[in-house]
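Everything below concerns the one structure shown next.
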Amino acid sequence: MNFAWVLITPNPVVKVYKAGDSCPECHHALEIRSAIRGKKIGQNYLGCSHFPECRFYTWP
């Protein structure tokens, strides 16, 4: 028999980032960028200023 285990937490922790904060992966600044490809063309997101060495990004 196969079982799947799911951990359900009552209050998941969500980190909110803003432009100028340090990147959690490489500690460089985050900056506002605009998507140029994919489903979210034209929408803004926060990306690391040290791209392409660091590929951290988050959608607001």
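Above 12 angstrom, tally the Cα pairs of the chain and express them as a % of all pairs, no decimals.
Summing the P(r) of the chain above 12 Å gives 72 percent of all pairs.
For the pair F56/V16, report the inter-label distance in nm, with labels modelled 7 Å from Cα in the Cβ direction.
1.9 nm
Provide the per residue accessible area, probe 1.4 Å, for the chain, rounded to a whole number of square angstrom.
Ligands and nucleic acids excluded, the result is 91 Å² per residue.
Please give the net charge around T58, taking every other residue with its beta carbon less than 15 angstrom from that of T58, where Lys and Arg add +1 and Asp and Glu add -1.
It works out to a net charge of +2.
The values are calculated or read from the model by the stated rules, or taken from the named source; none is laboratory data. Keep in mind it's a predicted model, so treat the numbers as computed, not measured. Because the Cβ atoms are built from the backbone with ideal geometry, glycine has one as well, and the counts that use them run over all protein chains shown. Heads up: the accessible areas ignore ligands, DNA and RNA and are worked out on the full protein's heavy atoms, side chains in. Shrake-Rupley method; radii C 1.70, N 1.55, O 1.52, S 1.80 Å.
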